[in-house]
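K.L.:
Sending over a structure as structure tokens; questions will come in a sec.
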Amino acid sequence: MNIAVTEGQALMPPPFSAGLDAWSQTTGRPGSPGYDGAFGASVVITDPDFGGCLELLKTEQVQRLRWRGEVPMRPGLYLRVRARVKAISGALASVRVGAWAGNAAGDAVGAVPLAGPEVSLTGFGEVVEVSAVIGSGARGGVDMAWGTAPVFGHFGLDLTGPNGGIVRIDDITIEDVSAFWLSEQIGLVDVRDYGTVGDGVSDDHAAFEAAAAAAAGRILVVPAGSYRIGDHLSIPGPVRFEGTLVMDMQHRLLCQSNFDLPTYAAAFGSEDAGFRKGVQALFHFTEHVSFDLRGQRVRLDGPVDVAALAGVDDFAARRVIANGQIDLVASGDWDSVTVNRQATYDPSTPLQLTGMQNLAGVPVGARVTGAGVGREVHVRDKNVAAGTVTLSQPLHGGAMTQNFTFTRDAYALDFSGFENLRRFEVQYVEFLCRSAGNAIMLPLDGGIIRVNDCTFNRPKDRAITSIGRGCQGLLIDHCQFLAPDMALPAQDRNSIAFNVNANDAKIRSNRAVMWGHFGIMNGAGHLITGNHYFLGDTQPQGIRRGGIVLTQVNVKTTITGNYIDNNFIEWTNEHSAEPAHDTGFSFGGLTVVGNTFTCNDVAPWFSWIVIKPYGPGHFLQGLNVNGNVFRTINGRIDRVESVDTSFATLDFGRTRNVIFDNNAFNGVDVPAQSPLVIRHDQTGAAGTWTVDTAGRLPFQGWARTVSALVMEGAFTGDGGVARTQMPYVTVQHGPDNDRIRLNWPEATQGRAVVTIRVDNPL
């Protein structure tokens, strides 16, 4: 016999051979008359069909047989009562499953069915089976639906029809068959019920669609197996994968209720494959704008070409990848590709290299290096037939034909296949790069890409790279950048946290640790605020490099509230095909306000603000450095600002609109100021007073304007004769043009307070 147990309680009645005292003639309740010693009831030990069984003479209109055992009932429990019966002699009766239902008080529950389907005995010795299912719900196949009032029952058989017949009854079985209705009870639909094969070869697409439609909000269960899906598949309701799917790259899986990494990883048997399929679906899915990693790690074996997965190259709706870790697993797929090619550059076509052979081997997105090439110049496009390459930025080296090096790094999220991508976001993701590959390559064009609350942990040499103008309006907020080469001296590092080619980037509240450069930024209209980026090392008299490098002359950029630690603001025009100034704007539009600058163990010639013109004729025409704190540790420096004259210097005769004021200097020998207030004491009467700025004008510029002159106290001639006439002023005196003269009508002595400016504000 099959003994069924539900929640630790045996459901099976004892065999008749164990005695008839367990069997009642009526309800099965305690005190009801039993069959032990009753007339017409006996145990047969050796029946050829049943072995041990009960032989019973029918003497009542409804002859009842009930087990005295209390069988528990509860919602969701379904029991099947079965017995085999045969007629031996006399009148042929009918037989059915019978029951008595009791409530918690032990009283009978009325208004519930107490009998199952009736079976007629049509011949002697013919074995028939009688059964009935009893449960709480009126489901298909349930013969006695009891609801929730009964909490236990007594089960057995009823003999009906004419009296006088003798029947033999095999041992009665009671089985828990709740599993027959499991999918309905807990809301499950099994794809196997709709014809899936699950052999990894046969196309199960139609069966999955039918099962998903039938689920109607219930959970779709995909049991163990390999299911080939030969087309796009959309699953509207919740789904649970134990088996895995096999889908070609172009076919998409849309899990509308479980759009997250755990579901997709389970569906495809790995985090890598699941992540790629989830990202693919993100671009074809209107029910969700975010692919949620659910705090889990994605181990990527190689770069994710997002545009190739999506099958589109233009996308403008907001989409998000969020909440997890992308972990780069070392493999050959992360290797950089480096090639050398000869090409010609003509400044008249500033974004093009021409005359290239074997151009097919030069990848789009490759970084270009060579003489006359600025930092972070990339291949934006190429024309193999014409032998031309389109660059992300011009070259400053003038007309040339030379060998260039093209280096294409691998990126975890590579968006370079998008001609236009807008409003894409990456949030709360750690890129654990392990120096294997880089993190994010931005699209060719587009904008308003946002990266917030992310950690970039040791990429190979770049965290976020722009190869075109997809960085327009780029937002990088609350991120942490951990460099791969922080153990090297600052001058030996090659890493760059991010670069920008277009306008209006917002770089806010980030932290960067020991990169070669924090950001290389072309374009204008940037806001750089609240960041802490420290790029130093432990070398005595150490060399420091630019943290933020601005590569356009008229930048319209604000740098405010940052902690600029062991690096400097570098301002160049290295991304200019005509670096010499001819017409138009020169260096201007920069506001540096309220920052804390610090350095330690640096050479005295270190400066925190460095302008580096790549051609002659440039000048300052709009710079505000105000309210900053400059502090050195373990040594002093000469000054906080300087001009790098490697290629050219500034024309200080054209300086305009420069404010360098209200700053605090600690450990700086020559604090710069403009307007510069000087108290000049003339101890001997002279017709000409020379006032020396002593190099305190910003960038050691010229004394171009005297905006105020006040005589402090009496001013007299020889012998103390009072003077009443004021002098006139001439500017730009001395070998460095950094002195002014006060020219008196008569020889005069006294004290003058003079305000001198490095610029002409008019």
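Every number here is computed from the coordinates shown, using simple stated rules; none is lab data. Note that the structure is predicted; figures quoted are calculated from it, not measured. For neighbour counting, all protein chains shown are included, and Cβ atoms are generated from backbone atoms with ideal geometry for every residue, glycine included.
K.L.:
Provide the descending list of Cα extents for segment 676-757 along its principal axes, expressed in whole angstroms.
P.N.:
Reported extents, whole Å, longest axis first: 41, 21, 18.
K.L.:
Could you give me the ³J(HN,Hα) list for segment 20-27, computed from phi with Karplus coefficients 6.51, -1.76, 1.60 and θ = phi - 60°, whole Hz, x at Gly and Pro?
P.N.:
Couplings: 9, 5, 7, 10, 9, 8, 10, 8 Hz.
K.L.:
Further question: Taking 30 Å as R0, compute the FRET efficiency from the Cβ-Cβ separation of V629 and K506 and round it to 0.05.
P.N.:
Details: r = 24 Å, r/R0 = 0.79.
With R0 = 30 Å, the Cβ-Cβ based efficiency is 0.80.
K.L.:
Still on this structure: Using a 7 Å offset from the Cα along the Cα-to-Cβ direction at both V119 and A224, what is the distance between the two label points in nm, to one decimal?
P.N.:
3.6
K.L.:
Run through all the Cα pairs of segment 483-666 and give the fraction in each 5 Å bin from 0, expressed as whole percent.
P.N.:
2, 8, 17, 22, 22, 17, 9, 3, 0
K.L.:
What's the center-to-center distance, using Cα atoms, between segment 490-555 and segment 61-91 in Å?
P.N.:
About 84 Å separates the Cα centre of segment 490-555 from the one of segment 61-91.
K.L.:
Same structure again: Kindly write out, for segment 392-408 in residue order, the coupling ³J(HN,Hα) from the Karplus curve 6.51 cos²θ - 1.76 cosθ + 1.60 (θ = phi - 60°), rounded to whole Hz, with x marking Gly and Pro.
P.N.:
7, 9, x, 9, 8, x, x, 5, 6, 10, 7, 7, 10, 9, 10, 10, 10
K.L.:
Next up: Taking 0.36 nm per residue of sequence separation and subtracting the Cα-Cα distance, how much length would be gained by fully extending the chain between Q539 and A308, in nm to one decimal? Walk me through the intermediate numbers first.
P.N.:
Numbers: separation 231, 0.36 × 231 = 83.16 nm, distance 4.58 nm.
Once the chain is fully extended between Q539 and A308, it gains 78.6 nm.
K.L.:
For Y78, which sequence-distant residues (separation of 5 or more, or a different chain) have an amide H within less than 5 Å of its own amide H, given hydrogens modelled in the peptide plane?
P.N.:
V177, S178
K.L.:
Same structure, new question: Once Rh for the chain is found with the Kirkwood sum over Cα pairs, what is the Stokes-Einstein diffusion coefficient at 25 °C and 0.890 mPa s, in µm²/s?
P.N.:
On the way: Rh = 33.6 Å.
Answer from the Stokes-Einstein relation: 73 µm²/s.
K.L.:
Hey, quick one: spin label on A386, modelled 7 Å out along Cα-Cβ, who in segment 340-360 has an amide N within reach, i.e. under 19 Å?
P.N.:
Zone members listed by number: 342-360.
K.L.:
Return the subset of K58/K86; K382/K556; K382/K506 for which the Cα-Cα distance in this structure is over 22 Å, preserving the input order. Let's see the in-between values first.
P.N.:
Working: K58/K86 13 Å; K382/K556 32 Å; K382/K506 30 Å.
Listed pairs above 22 Å: K382/K556; K382/K506.
K.L.:
How large is the Rg to Rh ratio of segment 12-108 when both quantities use alpha carbon positions and Rh follows Kirkwood? The partial results should precede the final answer.
P.N.:
On the way: Rg = 14.4 Å, Rh = 14.9 Å.
Answer for segment 12-108: 0.97.
K.L.:
Can you compute the modelled spin-label distance between A708 and V677, with each label point 7 Å from Cα toward Cβ, in nm?
P.N.:
Spacing of the two 7 Å Cα→Cβ label points: 0.6 nm.
K.L.:
A follow-up question, please. With Rg and the Kirkwood Rh both taken from Cα atoms, where does Rg over Rh land for segment 184-306?
P.N.:
Result: Rg/Rh = 0.95.
K.L.:
Run the simple label-point estimate for S32 and T649 please: 7 Å along Cα→C-beta, distance reported in nm.
P.N.:
Rounded to a tenth, the inter-label distance reads 11.6 nm.
K.L.:
Give, as a single signed number, the net charge of other residues whose beta carbon lies under 11 Å from the beta carbon of N760, with Lys and Arg counted +1 and Asp and Glu -1.
P.N.:
Details: positive: R654, R656, R704, R757; negative: D759.
With Lys, Arg at +1 and Asp, Glu at -1, the net is +3.
K.L.:
Residues with amide H under 5 Å of V592's amide H, sequence separation 5 or more or different chain, H placed in the peptide plane at 1.01 Å from N; which?
P.N.:
Close amide H contacts, sequence-distant or interchain: I559, N624, V625, N626.
K.L.:
In addition: With the Cα gyration tensor of segment 359-492 in hand, give its eigenvalues times 5 under a square root as the equivalent ellipsoid semi-axes, listed largest first in whole angstrom. Could you put the intermediate results ahead of the total?
P.N.:
Values: eigenvalues 138, 74, 33 Å².
Listed largest to smallest, the semi-axes of segment 359-492 are 26, 19, 13 Å.
K.L.:
Using 0.36 nm times the number of residues separating D248 and A487, minus their current alpha carbon distance, what extension gain do you get? Don't skip to the end; give the middle numbers.
P.N.:
Values: separation 239, 0.36 × 239 = 86.04 nm, distance 4.40 nm.
The span from D248 to A487 would gain 81.6 nm if fully extended.
K.L.:
Can you list residues whose amide H is under 5 Å from A524's amide H, if they're 5+ apart or on another chain and H is modeled 1.01 Å from N?
P.N.:
Residues meeting the criterion, in which the H sits 1.01 Å from N, are N503, D504.
K.L.:
Only residues of segment 391-422 count here: report those whose backbone N is under 20 Å from the spot 7 Å along Cα→Cβ of D582, or say none.
P.N.:
393-401
K.L.:
Could I ask something else about it? Kindly write out, for segment 413-430 in residue order, the coupling ³J(HN,Hα) from the Karplus curve 6.51 cos²θ - 1.76 cosθ + 1.60 (θ = phi - 60°), rounded to whole Hz, with x marking Gly and Pro.
P.N.:
10, 10, 9, 5, x, 7, 5, 8, 9, 10, 6, 8, 9, 10, 10, 6, 10, 9
K.L.:
Can you find, among F415, P394, V429, the residue farthest towards the positive end of the dipole of segment 391-432? Put +1 on the C-beta of Lys and Arg, -1 on that of Asp and Glu.
P.N.:
P394
K.L.:
Follow-up question, since we're still on this one. Please give the direction-averaged projected area of the C-alpha convex hull for segment 255-299, in square nanometres with one decimal.
P.N.:
Numbers: hull surface 10.8 nm².
Directional mean of the projected Cα hull area for segment 255-299 stands at 2.7 nm².
K.L.:
Can you tally the net charge around T730? Count Lys and Arg as +1, Asp and Glu as -1, for every other residue whose Cβ sits under 11 Å from the Cβ of T730. Before the final figure, lay out the partial values.
P.N.:
Values: positive: R739, R741; negative: none.
That works out to +2.
K.L.:
While we're looking at this one, here's another question. To one decimal place, what orientation-averaged projected area in nm² is obtained for the convex hull of the Cα set of segment 337-408?
P.N.:
Numbers: hull surface 15.2 nm².
Over every viewing direction, the Cα hull of segment 337-408 projects on average to 3.8 nm².
K.L.:
Give me the extension gain from I45 to Q296: residue separation times 0.36 nm, minus the current Cα-Cα distance, reported in nm with one decimal. Before the final figure, lay out each step's value.
P.N.:
Numbers: separation 251, 0.36 × 251 = 90.36 nm, distance 6.46 nm.
Roughly 83.9 nm would be gained on extension.
K.L.:
For the chain, what does -39500 (n - 2.57) per DSSP helix run (n ≥ 4), summed and divided by total residues, give at 222 nm, in deg cm²/dmol to the nearest 500? Mind dumping the intermediate values first?
P.N.:
Numbers: 5 runs with 41 residues, N = 762.
Here the helix-only value at 222 nm equals -1500 deg cm²/dmol.
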